[in-house]
1. What ranking of A:5, B:370 emerges when the number of other C-beta atoms within 10 Å of each C-beta is taken as an exposure proxy, fewest first?
2. Using a basic spin-label model with each label point 7 Å from the Cα along Cα→Cβ, how many nm lie between residue A:3 and residue B:294?
3. Got a sec? Which residues in the range A:83-118 would a label at residue A:159 touch, if it sits 7 Å along Cα→Cβ and we count backbone N under 17 Å?
4. Helix-only estimate, please: 222 nm mean residue ellipticity of chain A, summing -39500 (n - 2.57) across DSSP H runs of length 4 or more and dividing by its residues, to the nearest 500.
5. Quickly work out the residue B:677-to-residue B:141 label distance, labels modelled 7 Å from Cα along the C-beta direction, and quote it in nm with one decimal.
6. Can you show me the helix-derived [θ] at 222 nm for chain B, built from DSSP H runs with n ≥ 4 at -39,500 (n - 2.57) apiece and divided by the number of residues, rounded to the nearest 500.
7. Can you give the FRET efficiency for residue B:610 and residue B:516, using 1/(1 + (r/R0)^6), R0 = 25 Å, r = Cβ-Cβ distance, to the nearest 0.05?
8. Using 0.36 nm per residue of separation minus the Cα-Cα distance, give me the extension gain between residue B:187 and residue B:424 in nm, one decimal.
């Protein structure tokens, strides 16, 4: 079967972009290959580990099981786009540093983007709810302990409430 | 000297990792790279009779197909051990680049190089392999029986190695009247490391040499093994190791670097990338050795051991990898942990037709701790003795010296760790209260200590090399051969170097994290929880050399005697009155550009480490057991470690969390299953292999006892692997406390618990009883 290509237009990290992709390509492949968004990590390529997570119109998706052509007309945020224009870290990135939530760093981009979606909801989640919301990501280094703390701490900060474990 | 050491400073690589900038192997690969795929055997044991590539070659984009009939006839070792110049101590060389004699389901038969991933995958599927099928064996004890299928003709009984140790007279000792005999078997499963970055490498030719960029823990060792595998001078190989997405021992082995390098050479040195899919990582990288462990204890009614015996059968899988070292380390712990005058130990590492086992966090100790500490609890039940009191009485005493390693137990670490764990968990009260529960859901609490020794001396070479370079601004470039693999080693090195030299802040030390065997000083990489221990020596030694050179230059500039000068907070200070003479940056700039005496101030040295250190601790876990559902939930858990002085307490705690998580998985959910009918792996993916998620843990409490380790350059000792060692037996003993049922097999899944609860009468299943 001859390869088929299609032109895709979308917004990547605030910038309108256009590219031509192999219709079989995953969003992971397009972001890593065509745009060199190397924060989008490949850990399983079948939607099990969460390392390739990006935000599509504000919602977290495993980009490895999302076709590149489906990006048409979408707003896509990768970790490269989370930093402010002058290099300012977002609160959740800073919390990952302060709470020692980073080890090998391979699951980190995906976790931070899912956390961004969770935090943008502006909801005060219980521990159980928060754990469930984060459970689509696998990490082998941290036991999730400090990742969970970083997200929870930032949630309270955004809600303007004292962090119970502060 | 502790402005930086002992502080929970942020990781040196944290910013790059939270912004997605940190570059891993695939991020450094050129987009134009060719892509390789490995064709794997679909039988567990046999010979490749023929390989038909005719259909595969027609697929557009295919560049080259090679098979097991094309590779050089060279056998090579893969273990991430230092090479031995004595032939008798060299690692077993039983690997080829591709295999005609396939020894496990998933063995490497052929490889495709193509222009893109899709073409490579399609071609790999289109290759037809014809096999002569042989009988296979999956269990180590069955593999030792006469008539079992033979994997390697050099090992007709499949025993890769058998070692034993004897002390006292076991046979005579068990004649003592009044002894109670506890004779039990324990079994632990095959598990996989599951680092989130799969093993990946790419190779290309440059200046007549071969360069391999790879996700490895051991770049300098891989350089040697690639040279050996390809039969080329080792100097013609350059290994580059960028950030890696976890290793846990799997990447303390040569994986696909030799094949990738060879494939590149088959296509004229063009760049070839070999990215191992997750499913193949489970099967064709390394796994943790499954073991069957038999312990016989002869104990007096007063709770002292008269004689003990250990038999350990370690499932090596198809190839030698780290070989017997893992079983040997586990066996070595047996006579040391509970010293007893009459001990017999035997361990066997046995080839089987399963995925190859190698190093994995703990290197044999998580396996044996499950057996040893389950057994301790079982012995105490027979005696009617409190197991904590028994452990306090019988564990390795202060002042114990191991005759082989010369390791000394300097401190009362076991008791100190127990005390912290007990206080946090309220262990003693709960343990009594939970003993006689009724009802479907019961609580339990359990405890387990562990034995671990840092590094590998005197079994093999331990040395560390370090290079420091003074920059114009008074900052330092630092290189060591010990690798950053996610554990935070680079940050610890920066903290240590800053304090040795007298720099104000650890951020004044720039650690060259990406290692390159052309540039990085020779070192053995990351393993054996030795990085802060071994690198500490070379960092301290090299830092002092550098400092001395700086002070010599300061003497030239100030005329103050070198001995009256010091570096404090990055300033040159006159010691006699504390006067600041100049900032280090001024000296550094002068040294670079002086018209009278310009010098590039650098230091480099190697330290050979001829000692080793015990690193002990314990885990205490509380569980809730739902008997009808046969499910266990960990509700509270703590690990307490004595890893000496903490260089960075926050990073140390983070190491402990990760190990505890791995231990919880080992106890309750993780196992790689193989179909007994075909030898095919059944759950080699992250959906069916049950890695813990954030929902499967309670809060993970990490605490420390800080006894300054006297043999260490900075008072530190092992912490990387130890946290994974005591968790599974602590959980097992908690289940015992809750239910009164001894479960002697991990993982303690509902399947296992159902069988045990039925056997012990906790569950009455009329269907099951009728079947029997």
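Where a number appears in this text, it was derived from the coordinates with a stated rule and is not lab data. Nothing here was measured: the structure is a model prediction, and the numbers come from that model. Don't worry about glycine lacking a Cβ; one is built from the backbone with ideal geometry, like all the others, and counts go over all protein chains shown.
1. With the fewest neighbours first, A:5, B:370 line up as A:5, B:370.
2. If labels sit at residue A:3 and residue B:294, their model points lie 6.0 nm apart.
3. Residues passing the 17 Å test: A:92, A:115-118.
4. -8000 deg cm²/dmol
5. Placing both labels 7 Å along Cα→Cβ, they lie 2.5 nm apart.
6. Result for chain B: -8500 deg cm²/dmol, rounded to the nearest 500.
7. Working: r = 29 Å, r/R0 = 1.14.
So the FRET efficiency works out to roughly 0.30.
8. 82.3 nm
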